[in-house]
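Below is one structure, written out as structure tokens, with a few remarks after it.
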Amino acid sequence: MKSRIIVLTYNPGVSWDLWLESYKSQDIQNLSCLVIDSSSSDETIEKCIKAGVDIEVIPKSEFNHGGTRHYAYKKSLEYDIIIFMTQDAFFYNNLSISKILSDFDNDQIAISYGRQVPRPTAGSIESHARIFNYPDKSRLVELKDKKDIGFKVAFNSNSYSAYRVKALHDISGFPRNLSFGEDAYVAGKLLLKGWKIFYNSNSKVYHSHNYSSLEEFKRYIEIGKFHANNKWIFENFGKPEKEGLKFILSEIKFLYNNNSSFLIPYALFNSICKYLGYKIGFYS
């Protein structure tokens with residue numbers, strides 16, 4: 001299968017050297033890479049050219065999470081599989097890509113997303129978020145699994161997610177004017193079309209964030225807006241409230257068991273910020 005990695009960049013700084021190094025380490029030969037850069041002012045463009053990576057520069061004002069990915073998809077129609085990544089996700093080892101590509105031997109799979117493990121410097125709260133959402137057990141899901149899994153059946157993350165181009169054709173690609181949640185949107189649409197989604201716990205990248213309470217608040221405003229404007233997700237897969245409660249209880253237990261009980265009040269405050277942000281975004 002002909003495959004391509006697509007990365008969206010904007011001023012990744014010195015960490016871009018690490019990304020290019022991890023990309024070049026992959027055991028897949030002649031792996032195409034397309035970088036869509038939003039007019040970085042650092043050395044990203046020069047580094048890509050030096051590394052022999054294809055790069056296309058767009059005005060920063062034209063960047064849009066859904067629209068820019070749709071643009072990249074349209075530029076990659078000759079490929080069978082396209083793998084979207086973010087500039088802050090780094091391959092865990094040299095087998096990451098080969099492991100995620102092997103999933104598409106099953107011609108019913110439209111998406112395979114990999115496991116995101118915490119950065120080596122991640123704290124307890126940052127680590128738990130990745131451990132909760134990206135467990136060590138792989139899983140194949142389809143629409144009927146919503147009865148058991150509920151809302152999370154359409155989980156997906158473009159920080160590291162591979163797509164069958166043929167399946168994207170089936171839903172006319174990515175949503176053009178979506179500033180958040182394009183990965184979940186596409187996953188939901190593909191499930192409704194009868195495609196399957198695979199979570200590959202053996203194909204890993206380092207990727208995690210140490211969000212502040214304010215950053216979480218702002219992020220959940222965006223999630224709330226996304227859900228308010230895409231209520232078809234609730235209608236088809238259920239609501240996320242139970243998953244939110246499950247996360248909070250899991251986080252408390254994790255912090256307690258990892259000698260981080262002192263962080264529990266901060267974690268609970270974060271949860272309140274998320275909840276308020278979500279409600280504000282949903283009803284605004």
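The values are calculated or read from the model by the stated rules, or taken from the named source; none is laboratory data. Note that the structure is a prediction, hence the values are computed from the model and not measured. Cβ atoms come from the backbone with ideal geometry, glycine included; neighbour counts cover every protein chain shown. Note: areas computed on protein heavy atoms with side chains; ligands, DNA, RNA excluded. Shrake-Rupley method; radii C 1.70, N 1.55, O 1.52, S 1.80 Å.
Against the test of being more than 22 Å from TYR134 (Cα to Cα) and under 18 Å from the mean Cα position of the chain (by Cα), the options ILE36, ILE28 yield a single qualifying residue, ILE36.
Please report, ordered by residue number, the strands (runs of 3 or more DSSP E) entirely within the stretch 51-159 with at least 1 residues that are among the aliphatic types (A, V, I, L, M) and open to solvent by 50 Å² or more (accessible area, probe 1.4 Å). First the steps, then the outcome.
Working: elements: 54-57, 81-86, 109-117, 139-141.
In the stretch 51-159, the matching strands (runs of 3 or more DSSP E) lie at 54-57, 139-141.
Pairs linking a residue in the stretch 116-127 that is among the basic types (Lys, Arg) to a residue that is in a loop (DSSP other than H, G, I, E, B) and open to solvent by less than 20 Å² (accessible area, probe 1.4 Å), with Cβ atoms under 7 Å and 6 or more positions apart or on different chains, are ARG119/SER208. What pairs come up if the first residue lies in the stretch 256-284 and is within 13 Å of GLY123 (Cβ to Cβ), the second is in a helix (DSSP H, G or I) and open to solvent by 50 Å² or more (accessible area, probe 1.4 Å), and their beta carbons are under 6 Å apart, counting only those six or more places apart or on different chains? Sorted first by the residue in the stretch 256-284, then by its partner, the list stays empty. Within the stretch 6-26, one or more residues are among the acidic types (Asp, Glu), more than 21 Å from GLY173 (Cβ to Cβ) and out of contact with any Gly (no Cβ under 6 Å at 6 or more places or on another chain).
Selection of the stretch 160-196 for residues being hydrophobic (A, V, I, L, M, F, W, C) and either modelled with pLDDT under 95 or in a helix (DSSP H, G or I) (or both) yields VAL165, ALA167, LEU168, LEU178, PHE180, ALA184, VAL186, ALA187, LEU190, LEU191, LEU192. Picking from residues in the stretch 222-236 that are touching a residue at least 60 places away in the same chain (Cβ under 8 Å) and within 18 Å of the chain's Cα centre (by Cα), the one that is farthest from LEU143 (Cα to Cα) is GLY224. Please work out which residue is nearest to the chain's Cα centre (by Cα), limiting yourself to the stretch 126-164 and to residues that are closer than 22 Å to PHE91 by Cβ and aliphatic (A, V, I, L, M). Ranking the candidates gives ALA162 first. State yes or no: is ARG139 more than 22 Å from ILE233 (Cβ to Cβ) and either touching a Lys or Arg at 6+ places or on another chain (Cβ under 9 Å) or in contact (Cβ under 8 Å) with a residue 24 or more places away in the chain (or both)? No, not satisfied.
Screening SER203 with (1) buried (at least 20 other Cβ atoms within 10 Å of the Cβ); (2) assigned to a helix (DSSP H, G or I); (3) not basic (Lys, Arg) gives one miss only, at (2). The residues of the stretch 238-253 that are at pLDDT 95 or above and touching a Phe, Trp or Tyr at 6+ places or on another chain (Cβ under 8 Å), listed by number, are PHE247, SER250, GLU251.
A search for C-beta distances below 8 Å between a residue of the stretch 11-26 that is at pLDDT 95 or above and any residue that is basic (Lys, Arg) and outside any loop (DSSP other than H, G, I, E, B), counting only pairs 6+ apart in sequence or on different chains, returns TRP16/LYS47; ASP17/LYS47; LEU20/LYS47.
Condition check ((1) more than 23 Å from PRO175 (Cβ to Cβ); (2) charged (D, E, K, R); (3) free of Cβ contacts under 8 Å to residues at least 24 places away in the same chain) across all residues:
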{"residue": "SER40", "(1), (2), (3)": "yes, no, no"}
{"residue": "ILE45", "(1), (2), (3)": "yes, no, yes"}
{"residue": "GLY52", "(1), (2), (3)": "yes, no, yes"}
{"residue": "LEU77", "(1), (2), (3)": "no, no, no"}
